[in-house]
Structure formats: C-alpha cells, structure tokens
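The values are calculated or read from the model by the stated rules, or taken from the named source; none is laboratory data. All of these numbers come straight from a predicted model, not from anything done at the bench. Positions of Cβ are backbone-derived with ideal geometry, glycine not excepted, and every protein chain shown enters the neighbour counts.
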Amino acid sequence: MANLRNRSLKVLGGLMLLAILLAVGFWLSSQRSGQQIAVDSNSAEPGQAASTASSDAPTIEVGLIVSSLNAAQYGYPRQTRMLDEMYDSSFDIYPVIDPGSGDDAGLKEVLDSQFRGQTPIDGGSAEQLERMDVLVVSHSVLMPQAEVDAISTAVSHGDGLLIRMFLGLDQSGLTPQVLHLNGLNSGRYGWLPHNTLACLVVGDHPLLGNLVGMKDLRIQLQPNGIYGQINGQSLINVAPGEKMPGVPAGVVFSPLFVATLGNGTIVNCAFAGARPIPTELDRATSDPFSVRAIKWLAGKAKVGKAAPLASSQPSLLSAPAATSISN
C-alpha cells in the first residue's frame, strides 16, 4: 500500500513538473513570438522610411557630354572616364550627344554599355540642357557650334558646369564665347606633358573641405587646361618657382577655380584627366571631389534658375592682376 502511494505521488509529481515545463515553454514561446513581431515591425518602419526618403530625396540631374565629333579624333574614353568619379545614389546621369549624332554606331555602343539605356539629351537644344542641374565635360577639344551655343545659354540660365581640362578648345579657337564657358575672360591653353607640379591651396571654399587654410600643403597636379583672367576665384595655383612651359613669368596657372557665367556657376579642373585626383583633394570631405563638385554646383543651380536672368557677359570677380593675359 505504501509502495502504491509512493508510486502515485511520483506519477503526480512528474505530471505536475511536466505541466510546469509545458507552461514555461508556452510562455517563452509566446514572448519570443511577441518580440519577433516587434522586431519585424520596427525593422519594417526604417525600411519604409528609407524607401520614402529615397523617393522623396532630391535627384540631381547630371548631363555628361559625349561628343561623336570629338570622338572621331580623340575617342570616347577621354570623355566618359569621369563616370568612374561620378557615382552617387542621388545622381541621375544622362548622356548629352551632338545634334543629329544618334545613329552613330560607335556612340550607340557607348550609350548601351555605359548609360544603361538612359535617353540621350540633345546637346544642341538649350531647352533640353536646362532640364539638367549640372553639365559635365571632359577633354572636349571639338564641339559643334550649335552645342557650344546651347551650353552657353543653359549655363547662363543657371545650369552648373563641371569641366575637366577644357571645353571646346579647338573647334572655334579660344573665342570670347569659349573662354567665357571655360570661366575666363581672356586666356591661353597650357599643358605640362607627362609630369606634375607642386600646387598650393589659395582659396577658402567648400570644395576644398579640410584643405582650407593649409597654405604649406603641396598638392601634385599635372596642369592641362586654359589659364588667364579668371571670372571668379582661384582655389589652387601652381606654386611659385614651378615652371610651366609657355606660361610667361609672373602669370599664374590655376588648375582649380570657380567662375560664373550669367546665372550659372562653373568649376574648372584644368588638370589632366588621365591621372587620379590627388588623394588630399579627393578626401577633403566625405564625398569624393567630383561628387562634391556636382552637388555644390547643383545647389548653386537651384538658386541661379530661380533668380532673374543676369547678363551672360561675365564680370571679373576676384582674380589677381598677375593672372591677366591677352589672347
């Protein structure tokens, strides 16, 4: 009888323990489920917010000039290599092509491989160019006059313009129109073959980031572009004592400067495009230099396009007398 009672107690104890374990397990399971629901719910919100933020975030419309006329003599890679420097999630990049060049087989190949089906912008249409926030051009030696005219109009009406090396260097010569588009009032072309020169930061500007005030820092650049009387502000100059072939003594070559044309703003990078941007300049802010320049120009474009139209004739803002040189 005692043994039977002991066995009954053991069975009863086991059942009670099992019931407790089941209850605890059920409670833990429900807690995990609740926590998982909460985690999923919380993680969904940022995702939705990010998606909303992405769709609401302002897109910067960028037009990269891809000229078949220029490519016939100099190829496309010198014009499109800046794409590697222009990646940013806020950019929507369009090819800007010469008027009437859409059937060019070589151009079609470049558009298909590098612009992922983006509809080309007619470079001869100021109206289409003005839909862009910023125009970008690299190694533009030859450019149809209709395109020079349209870009001049678009920039004068507020578009930003980022130049690597030069724009329209030889098509019409360095006419006043071409000089103004390059951000100068008067000037000549200068080029240092193969080598670099020490250059100094001379400006105080957002494009320079943490380089502002570093007057003793020497940045190695290969000057290649137009120099002369700048319609704006020099940011980096070739250091005194460095020799530029063909540049008269006492005349300053500025490999980086900003300028204005009408309501538009120009950033001219008069240095070789085949070399990487110097690390000091590229890392001066959280954005790489070309991305930084495009964003800054886009901000200026919003102001410029909203303002009353200014004269398309440039005015000399701040260039030292030593930079002045006749054509």
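Observations on the structure shown:
- Looking only at the range 197-215, residues that are in a helix (DSSP H, G or I) and at pLDDT below 95 come to 0 in all.
- Filter pass, VAL258 being within 28 Å of PRO144 (Cβ to Cβ) and touching a residue at least 24 places away in the same chain (Cβ under 8 Å): yes
- If only residues of the range 83-109 that are aliphatic (A, V, I, L, M) and outside any loop (DSSP other than H, G, I, E, B) are counted, the one that is nearest to MET143 (Cα to Cα) is ILE97.
- Strands (runs of 3 or more DSSP E) fully within the range 126-191 that include at least 1 residues being within 21 Å of the chain's Cα centre (by Cα) and within 16 Å of VAL258 (Cβ to Cβ): 134-138, 160-164.
- When residues of the range 59-82 are limited to those that are hydrophobic (A, V, I, L, M, F, W, C) and not in a strand (DSSP E or B), the one nearest to ASP98 (Cα to Cα): LEU69
- Considering residues of the range 192-203 that are surrounded by fewer than 24 Cβ atoms within 10 Å (Cβ to Cβ) and within 24 Å of the chain's Cα centre (by Cα) only, the residue farthest from ARG292 (Cα to Cα): THR196
- Looking across the range 237-263, the residues that are surrounded by fewer than 22 Cβ atoms within 10 Å (Cβ to Cβ), out of contact with any helix residue (DSSP H, G or I) (no Cβ under 8 Å at 6 or more places or on another chain) and part of a loop (DSSP other than H, G, I, E, B) come down to ALA239, PRO240, GLY241, GLU242, LYS243, MET244, PRO245, GLY246, VAL247, PRO248, ALA249.
- Whichever residue in the range 216-235 is free of Cβ contacts under 8 Å to residues at least 40 places away in the same chain and outside any loop (DSSP other than H, G, I, E, B) and, among such residues, is surrounded by the fewest Cβ atoms within 10 Å (Cβ to Cβ): ARG218
- Candidate set: the range 239-258, residues that are of a type in the set (A, V, I, L, M, F, W, C) and farther than 16 Å from MET165 by Cα; chosen: the one modelled with the lowest pLDDT: ALA249
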